[in-house]
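Peer 1: Structure incoming, see below.
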């Protein structure tokens, strides 16, 4: 704490207040005398608000690119996640589509304009997770009864050995149902997801027809991923408008 006061030339109270804000957003862990970096565990599941402020510019660029693959008169699925939530914001004024989602925030974005644009939004139902996903047998049953043109899948992590993963095993089962119901699978994952491993695997990297990530991904990781997925799209963060702050 004293080092921060001296280095930043601000008051002790300012440092404490800022650390409180960072801790509430899940970006640091409060410890005696200050704060420490959050340690990643396979079952760590940050809340939606905490995740939405992380890599915001990268998620925005990925979402803008993903939106170009959505056309009227199609049935698409958006899994839960903050990048798919960003995608939903890009689709607000796209008419004549059917959107199936297990994400409460995604539904909240799309439902207000649905009637005017002849759009159908289907919320799966299920048990709510910390990341505002609806999971479990109700969600799985609803998804398995559908035929989806394109799935846009958000993930917690990706690795060569473990594939696309999530820290919530019920969410993994729900996402597996999405994968099984979709004709083509688009995974939306920024560079920070590389070599992050959650508790449960959704599918292997080879299960993705298209992976959209950002240009900050390391070259070695890019080459390894490209050898596994159907198509790798790398977007420049400069494509995203604004300063990268969270919406």
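The values are calculated or read from the model by the stated rules, or taken from the named source; none is laboratory data. Computed from a prediction, not measured in an experiment: that's the story for all the values here. Glycine also receives a Cβ, built like all others from the backbone with ideal geometry; neighbour counts cover every protein chain displayed.
Let's see how each residue does on (1) out of contact with any strand residue (DSSP E or B) (no Cβ under 8 Å at 6 or more places or on another chain); (2) outside the structural domain of residue 74 (by TED's automatic domain parsing); (3) over 28 Å from residue 94 (Cβ atoms):
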residue: 117; (1), (2), (3): yes, no, no
residue: 123; (1), (2), (3): no, no, no
residue: 163; (1), (2), (3): no, no, yes
residue: 184; (1), (2), (3): no, no, no
residue: 189; (1), (2), (3): no, no, no
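Peer 1: Name the residues in the range 134-175 that are assigned to a helix (DSSP H, G or I) and surrounded by 20 or more Cβ atoms within 10 Å (Cβ to Cβ), would you?
Peer 2: 139, 140, 142, 143, 171, 172, 174, 175
Peer 1: Further question: Can you tell me which residue within the range 176-199, out of those that are modelled with pLDDT under 95 and farther than 22 Å from residue 65 by Cβ, is surrounded by the most Cβ atoms within 10 Å (Cβ to Cβ)?
Peer 2: My answer is 198.
Peer 1: Now a separate question. Test residue 204 against the stated conditions and say whether it is touching a strand residue (DSSP E or B) at 6+ places or on another chain (Cβ under 6 Å), assigned by TED's automatic domain parsing to the domain that holds residue 136, surrounded by fewer than 22 Cβ atoms within 10 Å (Cβ to Cβ) and closer than 15 Å to residue 102 by Cα.
Peer 2: no
Peer 1: Quick check on the range 45-53. Is at least one of its residues under 27 Å from residue 128 (Cβ atoms), crowded, with 21+ Cβ neighbours inside 10 Å and at pLDDT below 95?
Peer 2: Yes, because at least one residue in the range 45-53 is under 27 Å from residue 128 (Cβ atoms), crowded, with 21+ Cβ neighbours inside 10 Å and at pLDDT below 95.
Peer 1: Please pick out the residue among 100, 122 that is part of a strand (DSSP E or B), touching a helix residue (DSSP H, G or I) at 6+ places or on another chain (Cβ under 9 Å), modelled with pLDDT of 95 or more and surrounded by 22 or more Cβ atoms within 10 Å (Cβ to Cβ).
Peer 2: Values: 122 fails: surrounded by 22 or more Cβ atoms within 10 Å (Cβ to Cβ).
When all the criteria are applied, what remains is 100.
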